[in-house]
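What follows is a set of notes on a single structure, which appears directly below.
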Amino acid sequence: MAFKNGMSLERNSRPKPGGTNQGGRRHQSGSPRQQRRNWSTEAKAGIVAEALMPGVNVSAIARAHGIAPQQVFAWRRRAVQEGTVPGNPESRENASPLQADANAPLSTSLTVLSLPVAAALFQALDEAGVRYGIVRNLATLPDALAGRDDVDLLVDKQDYPAFCAIVNRFHGLRGVSLSCHDNVCAGREDWFVPDFSCGGYLHLDTHIGVRVGWKFRKRYLAFDYSAITGWQRTSVNGVSVPVVSPEDEIRIAIARFAFRAWALPWRRWVAISGDWKDQLAKLPAVPGEQGVHVAECRFGRTGMVSCRIRQEGDGLAVDRRDLTRLRHSIRQMSGFTGSGGIADPAVHLVRKISYRAVSVLGRLMPRAVPAKRRLGSGGIVVALVGPDGLGKSTQVDRLTKLFRWKFGCAKAYLGTGEGTGWWLRKVLQRLVFRHRRQLKAAAVQSDNEAASQRRGAKQGILGAGLAVWGVLIAIERYAVVKRAHRWATRGLIVICDRWPQARRSGYLDGPMIPPKLSLVRGLAPLARLEQKLYQKMEEFRPHLTLHLVSDHAVSDSRKPGEISKEAFDARLSLMAELRALDKDIRVVDASSGIEAVNRELFRRIWLSL
């Protein structure tokens with residue numbers, strides 16, 4: 001697999017007895033954990049280089065290569081700490097390390113810059129006296145504050161109303177999920193806070209209590225804000241946040257995995273994935289057992305539960321008997337009796353089957369089911385309209401990628417150019433493209449019915465072809481318009497490249513049959529059908545219409561010769577007429593750079609959600 005920096009990687013994890021790979025290294029077999037250790041040094045360097053690139057989602061990279069995200073973060077952290085970051089021959093002193101406390105379990109990041117809204121948000125929470133802290137995934141905190149990963153936030157229950165008020169002040173939005181997904185449990189919500197200056201947003205995975213249990217059955221409240229014994233302040237690229245202590249972080253991890261981790265019945269130690277070396281070093285050692293540490297957890301009146309832990313590879317291994325006592329204590333503290341041992345797996349299995357069924361249905365019938373995360377306010381249809389050369393398609397692609405990171409988002413194309421469309425229309429378009437000018441000339445020459453009769457048979461065939469073509473395009477656009485609104489009712493953000501209008505023929509995706517051609521005998525029914533379809537499309541207006549405006553010089557510099565100045569000005573004039581009829585249409589200056597226009601479009605869309 002090739003990376004942007006020109007590096008290629010090889011993976012030795014596919015076992016082949018006695019075989020060798022292209023580099024001459026012998027294939028190695030073993031468990032998945034052992035296979036992950038068999039990545040070559042060059043492969044690890046390639047993955048680290050890819051993970052350090054700006055704007056990259058590390059979790060997505062991990063999924064693409066079949067590695068746990070914690071493993072990628074561990075490789076990256078070690079490379080930075082050792083000063084051996086691929087593509088960065090400078091010494092460690094030239095890096096931009098995190099300015100954290102000595103005990104803070106955070107890593108160094110060279111290319112991640114926090115969103116400015118993160119500093120403002122956490123400062124507002126501190127000034128309001130809100131009790132909160134970050135309890136999970138501390139290694140990914142730099143990426144999370146940069147809007148590329150999740151911020152796992154624990155908020156005191158009594159301060160939660162104040163937290164919601166402050167987030168709303170920053171134009172935060174609340175997300176909802178389908179009940180069959182594993183992230184749905186009591187006391188947990190998704191909040192999204194935008195940063196209009198950078199064109200991104202934070203994802204706050206907010207908890208008023210850390211609940212544990214089976215993956216699809218997290219019903220036991222194990223930790224709340226007061227149960228965390230230690231908080232420590234740290235600064236990440238100028239953003240000051242309270243984070244959980246290493247001891248509490250490992251206690252939370254053990255409680256979470258206590259209901260999920262498993263091992264063979266005759267094995268004493270149960271493995272827990274993740275990189276916990278830094279946290280494990282903070283725990284006291286068990287006398288008489290070399291390499292074994294102990295983590296003590298107190299759950300209400302059930303007393304203290306001690307869990308013996310040891311390092312196993314890149315993860316942890318916990319004593320099976322201690323995990324059993326821990327599960328019993330958590331259930332007892334939450335008010336549940338022994339019935340959970342049967343009910344939990346049964347409910348988990350039913351919900352997991354439902355989740356798999358919904359996932360399969362979503363793959364077989366895309367957009368047929370609601371997305372995993374949706375806005376609490378519902379979906380929205382956004383239309384970008386403007387003359388050629390102002391970057392509509394580019395902005396639609398960028399906005400779709402931006403919103404799709406956490407929301408259900410789709411794009412729709414309503415033009416007749418290189419965008420997506422019906423295969424029949426695409427085939428016909430390739431066949432008749434060279435006759436496009438003749439089709440238009442036939443329409444111009446048809447002043448009336450008598451003139452049409454004086455034309456030759458070829459002219460009549462071309463005129464009929466243009467009429468059929470216009471009806472075919474109208475049918476396709478009508479289907480796309482209805483589909484966009486149908487997706488929006490399922491909670492998706494639908495961003496449309498262009499939007500049809502019925503006010504003027506031949507401009508801005510309006511009717512394609514010229515008025516003069518409708519006077520030709522036999523073509524009038526086709527013209528009436530096309531007008532009827534466009535009138536129906538007027539009933540499905542987008543929730544937000546954004547007009548991209550500029551001068552012809554900008555369009556000509558981006559797409560030289562694509563559109564004449566007269567045609568460009570005619571489209572701008574028509575857009576002004578449309579804005580006079582609909583006062584809700586917003587105007588965006590497209591003369592700026594792509595990034596500036598993208599930020600403005602993002603701001604307009606977010607404020608309309």
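The values are calculated or read from the model by the stated rules, or taken from the named source; none is laboratory data. Treat the numbers as computed from the prediction; the structure is a model and nothing was measured. So basically every Cβ, Gly included, is an ideal-geometry build from the backbone, and we count neighbours across all protein chains shown. The accessibility values were calculated without ligands, DNA or RNA, using every heavy atom of the protein model including side chains. Shrake-Rupley method; radii C 1.70, N 1.55, O 1.52, S 1.80 Å.
Kindly provide the set of residues from the range 522-577 that are of a type in the set (Asp, Glu) and under 21 Å from ARG477 (Cβ atoms), ordered by number.
GLU530, GLU538, GLU539, GLU577
Check the range 336-359 and report whether any residue there is assigned to a helix (DSSP H, G or I), under 30 Å from ARG498 (Cα atoms) and within 22 Å of the chain's Cα centre (by Cα).
The answer is no, given that none of the residues of the range 336-359 is assigned to a helix (DSSP H, G or I), under 30 Å from ARG498 (Cα atoms) and within 22 Å of the chain's Cα centre (by Cα).
What residue, of VAL588, VAL494, VAL554, is at pLDDT 85 or above, open to solvent by less than 70 Å² (accessible area, probe 1.4 Å) and touching an Asp or Glu at 6+ places or on another chain (Cβ under 6 Å)?
Details: VAL494 fails: touching an Asp or Glu at 6+ places or on another chain (Cβ under 6 Å); VAL554 fails: touching an Asp or Glu at 6+ places or on another chain (Cβ under 6 Å).
Step by step, each of VAL588, VAL494, VAL554 is checked, and only VAL588 is at pLDDT 85 or above, open to solvent by less than 70 Å² (accessible area, probe 1.4 Å) and touching an Asp or Glu at 6+ places or on another chain (Cβ under 6 Å).
Condition check ((1) surrounded by 20 or more Cβ atoms within 10 Å (Cβ to Cβ); (2) closer than 30 Å to GLU595 by Cα) across all residues:
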{"site": "ALA186", "(1), (2)": "no, no"}
{"site": "CYS198", "(1), (2)": "no, yes"}
{"site": "TYR201", "(1), (2)": "yes, yes"}
{"site": "GLY230", "(1), (2)": "no, no"}
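When you go through ARG211, ARG217 one by one, which is the residue that is surrounded by 18 or more Cβ atoms within 10 Å (Cβ to Cβ), basic (Lys, Arg) and touching a Gly at 6+ places or on another chain (Cβ under 8 Å)?
Working: ARG217 fails: touching a Gly at 6+ places or on another chain (Cβ under 8 Å).
When all the criteria are applied, what remains is ARG211.
Using the structure shown, decide if ASP509 is among the charged types (D, E, K, R), open to solvent by less than 70 Å² (accessible area, probe 1.4 Å) and modelled with pLDDT under 90.
Answer is yes for this residue.
For ARG528, indicate whether it is surrounded by fewer than 17 Cβ atoms within 10 Å (Cβ to Cβ), without any contact (Cβ under 8 Å) to a residue 40 or more places away in the chain and in a helix (DSSP H, G or I).
Here the answer is yes, as ARG528 does meet what is asked.
Per-residue answers, yes or no, for (1) under 23 Å from VAL130 (Cβ atoms); (2) among the polar types (S, T, N, Q); (3) modelled with pLDDT of 85 or more:
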position	(1), (2), (3)
VAL151	yes, no, yes
ASN168	yes, yes, yes
LEU173	yes, no, yes
PHE216	no, no, yes
ASP224	yes, no, yes
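Report yes if VAL382 is within 21 Å of TYR201 (Cα to Cα) and not in a helix (DSSP H, G or I), otherwise no.
Taking the combined requirement at face value, the residue satisfies it.
For the range 581-594, enumerate the residues that are among the aliphatic types (A, V, I, L, M) and within 17 Å of PRO500 (Cα to Cα).
LEU581, ILE585
Only one of (1) touching a strand residue (DSSP E or B) at 6+ places or on another chain (Cβ under 8 Å); (2) open to solvent by 50 Å² or more (accessible area, probe 1.4 Å) fails for THR545. Which number is that?
So the condition that THR545 fails would be (2).
Kindly indicate the residue of the range 155-170 that is over 20 Å from ALA186 (Cβ atoms) and of a type outside the set (S, T, N, Q) and also most open to solvent (accessible area, probe 1.4 Å) among those meeting that condition.
ARG169
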